[in-house]
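> To start, I am sharing the structure in question, which I have written as structure tokens.
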Amino acid sequence: MLFFFLSLFSNLFAGVITVTSGSSDNLKVTDGDTIVLNGKKIRFSGIDTPEINQTCIKNFQIEECGVIAKNLLIKKISQSKVECVEEGKDYFNRILAECFVEDQSLSKYLVRNGYAFAYQKYSKKFIEDENFAKKNNLGIWATTFQYPWEYRKTIKYLKKGGNLIFIRHSLAPGNGDPSNFEIDECSTQRNLNNNGIAQSKIIGSFFKKNRIKFGEILSSEWCRCKDTAKLAFKSFKTFDALNSFYDAKFADNKSKQLKDLQKYINQWDGKKNLVFVTHFVVISSILNKGSASGEILITDRNFNLLATIETM
């Protein structure tokens, strides 16, 4: 039977408390930067790891980076004794501490291996370790990701609803459209390649995994946009105001399309999220900002940019 003990003692000079566990039976790993030790919830200070539902993208495939960070911590601790030096409490009344296994900082280990970030808003302690991981393309640094604090903010906006979500169609190699373009004939248009198909599914997975609700999902009439919408969301409606006006033969449509889009937004009740699957030229005209293939841009109804998510 494993023996455990809890020792709490104050260092009168440093003003710290050390919490020591002699048994992994009294340790629970919640996620990459939070543990429960002998009933006390401890948040690692100075670092931030991906949230447990957070994913990253590598080579057009989803990686469960939040789960990976948690599992890395579990593996590192294994059956070892954990010591934590308390540094205070956070907003949620969790103990803020740096924790150690065999005198090695778990925070430093996670950051240096690329599965945690130096939380520079609160501490500069692990910047050197982050720079090492970034330079060597370790862990999350080899993927496309959102910083955890940006991810939390994004999910908060999306859960609240009332956002405009602009999505540039997924990867469709080329520029513009062929001279024989016909709107009802996909064979005459630029279309999604295999990576674009995978990317569209990644877009859909993000919203599904995070249980984001929508009002309507609208798409350009171009096949690459419709395919992106279908693969990501299954059901959608087309809206000609979202069509491309990049090529010269469609350039005269720009003014009317933008007015029609603005009118639609003005009449929208603003309660649920509204999705627009469209083109670079439409997004840049509205937001005055470029976008990558498959990029998600979230704004309020006045087009103030709230968050962006890259998907390749």
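> Can you say whether GLU98 is under 19 Å from ASN38 (Cβ atoms) and modelled with pLDDT of 95 or more, as far as the supplied structure shows?
When the stated conditions are applied, GLU98 passes them.
> Condition first: surrounded by 19 or more Cβ atoms within 10 Å (Cβ to Cβ), more than 20 Å from the chain's Cα centre (by Cα), modelled with pLDDT of 95 or more and closer than 21 Å to CYS65 by Cβ. Can you find one or more residues in the range 110-117 that meet it?
yes
> From the list LYS234, LYS271, LYS226, LYS230, which one is under 17 Å from ASN163 (Cβ atoms) and within 26 Å of the chain's Cα centre (by Cα)?
Matching residue, one of LYS234, LYS271, LYS226, LYS230: LYS271.
> Related question: If you go through the range 243-268, how many residues are aliphatic (A, V, I, L, M) and farther than 25 Å from LYS160 by Cα?
Number satisfying all stated conditions: 3.
> Mind checking which residues of the range 24-83 are of a type in the set (Gly, Ala, Ser) and either within 30 Å of ASN195 (Cβ to Cβ) or at pLDDT 95 or above (or both)?
The answer is GLY32, SER45, GLY46, GLY66, ALA69.
> Please state which one of ILE283, ILE217, ILE212 is outside the structural domain of PHE60 (by TED's automatic domain parsing), buried (at least 19 other Cβ atoms within 10 Å of the Cβ), assigned to a loop (DSSP other than H, G, I, E, B) and within 24 Å of the chain's Cα centre (by Cα).
One residue alone meets the criteria, ILE212.
> Can you go through ILE57, ILE52 and tell me which one is assigned by TED's automatic domain parsing to the domain that holds LYS124 and touching a residue at least 40 places away in the same chain (Cβ under 8 Å)?
Only one candidate passes the filter, namely ILE57.
> What pairs come out if I take residues in the range 25-43 that are on the phi > 0 side of the Ramachandran plot and pair them with residues that are surrounded by fewer than 18 Cβ atoms within 10 Å (Cβ to Cβ) whose C-beta lies under 8 Å away, six or more apart or interchain?
ASN38/PHE4; ASN38/LEU6; ASN38/ASN26; GLY39/ASN26
> With the condition kept exactly as written, say whether any residue in the range 140-154 is assigned by TED's automatic domain parsing to the domain that holds ASN302 and over 16 Å from GLU310 (Cα atoms).
No, every residue in the range 140-154 fails to be assigned by TED's automatic domain parsing to the domain that holds ASN302 and over 16 Å from GLU310 (Cα atoms).
> Do you know which of the residues in the range 220-254 that are part of a helix (DSSP H, G or I) and of a type in the set (Lys, Arg) is farthest from GLN54 (Cα to Cα)?
This residue is LYS249.
> Buried (at least 21 other Cβ atoms within 10 Å of the Cβ), of a type in the set (S, T, N, Q) and either without any contact (Cβ under 8 Å) to a residue 24 or more places away in the chain or closer than 11 Å to ARG168 by Cα (or both): is that true of SER255 in this structure?
Here the answer is no, as SER255 does not meet what is asked.
> For the range 260-280, enumerate the residues that are in contact (Cβ under 8 Å) with a residue 12 or more places away in the chain, in a helix (DSSP H, G or I) and either farther than 22 Å from GLY174 by Cβ or touching a Leu at 6+ places or on another chain (Cβ under 6 Å) (or both).
Within the range 260-280, ASP260, LEU261, TYR264, ILE265 meet the criteria.
> Also, quick follow-up: Under 30 Å from TYR115 (Cβ atoms) and among the aromatic types (Phe, Trp, Tyr), is that true of PHE181?
no
> Among the residues of the range 128-145, is any modelled with pLDDT of 95 or more, touching a Phe, Trp or Tyr at 6+ places or on another chain (Cβ under 6 Å), surrounded by fewer than 18 Cβ atoms within 10 Å (Cβ to Cβ) and farther than 27 Å from GLU86 by Cα?
Yes, that holds for at least one residue.
> If you scan the range 183-209, which residues turn out to be polar (S, T, N, Q) and crowded, with 16+ Cβ neighbours inside 10 Å?
Listed by number, the residues that qualify are GLN189, ASN191, ASN195, GLN199, SER200.
> Right, another one. State all residues of the range 158-170 that are in a helix (DSSP H, G or I) and more than 17 Å from ILE203 (Cα to Cα); if no residue qualifies, say none.
LYS160
The values are calculated or read from the model by the stated rules, or taken from the named source; none is laboratory data. Only a predicted model underlies this, so the values are computations on that prediction, with no experimental measurement involved. All Cβ positions, even for glycine, are placed from backbone atoms using ideal geometry, and neighbour counts span all protein chains on display.
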